[in-house]
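Take a look at the structure below.
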């Protein structure tokens, strides 16, 4: 099984030297990829219901920790790594104009020589949508349209799109184009049925988040049916999941049997040395399963 690291908010890797060490350690330990989360301006007081089924939500991660820009952070990592893939988990699609995101993704893909994973989600923190002036209730429809616009721009063909949120109705000069064709893989994060439907309609991968393994298997079966409805091949999807750094060999085996291709170590620590120790422990466990 492949394995990677998800540094969540990135609070522990905002220092340039620490970030450089993170990238080098990931490659030395055999990590397949590095993912980072995305938030722009989070609330000190959050009234929105937490989107994951956890007993004690880690509110401090959003209320206190830094959230560095994921594009800048991954660009820095691209310069100091050679092999690991670099991605978002997940970029919140409605927060930015799709042409801006398409250009950022394509540029990062070129600078990293085709190592980008484009993880996406529709967002959950209502307060943040309010700060950014984005209609929370329309986030799903906006996300669908934004992805369609980005795929059209990446195709290299002239775009003619008149939608509810985006209009490109004249010839445009867009570039650069991504190295990966037709574009970097789009992984959809989320556990809900609408998230699975997004995977089936336009995703290249699925990343469930903190749901029990039996439930993951049930949702895999559901996703197979949805892919069949769209006349798409389920076996072409990349499926990953998040796990704690102290995951056991028995749990790793269960993830494999469930059909997970890549397991990501998820951390919320803001202490670099603690993060590096977790990475070493995670790699020992996963390499022992090879």
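Of all residues in region 127-164, those that are more than 23 Å from the chain's Cα centre (by Cα) and surrounded by 11 or more Cβ atoms within 10 Å (Cβ to Cβ) total 6. On the stretch given as region 106-121, residues that are out of contact with any strand residue (DSSP E or B) (no Cβ under 7 Å at 6 or more places or on another chain) and either more than 12 Å from residue 71 (Cα to Cα) or at pLDDT below 95 (or both) total 3. Here is the figure for region 232-262: residues that are surrounded by 13 or more Cβ atoms within 10 Å (Cβ to Cβ), without any contact (Cβ under 8 Å) to a residue 60 or more places away in the chain and not in a loop (DSSP other than H, G, I, E, B) total 8. Taking first residues from region 158-179 that are free of Cβ contacts under 8 Å to residues at least 12 places away in the same chain and partners that are in a loop (DSSP other than H, G, I, E, B), the Cβ contacts under 6 Å between residues at least 6 apart in sequence or on separate chains come to 162/169. Of the helices (runs of 4 or more DSSP H) entirely within region 1-120, none holds at least 1 residues that are out of contact with any helix residue (DSSP H, G or I) (no Cβ under 8 Å at 6 or more places or on another chain), without any contact (Cβ under 8 Å) to a residue 12 or more places away in the chain and surrounded by 23 or more Cβ atoms within 10 Å (Cβ to Cβ).
Given the structure, is residue 127 farther than 21 Å from residue 186 by Cα and either out of contact with any strand residue (DSSP E or B) (no Cβ under 9 Å at 6 or more places or on another chain) or in a helix (DSSP H, G or I) (or both)?
Numbers: farther than 21 Å from residue 186 by Cα: yes; either out of contact with any strand residue (DSSP E or B) (no Cβ under 9 Å at 6 or more places or on another chain) or in a helix (DSSP H, G or I) (or both): yes.
Criteria met by residue 127.
The values are calculated or read from the model by the stated rules, or taken from the named source; none is laboratory data. As the structure is a prediction and not an experimental result, all values here were calculated from the model. Don't worry about glycine lacking a Cβ; one is built from the backbone with ideal geometry, like all the others, and counts go over all protein chains shown.
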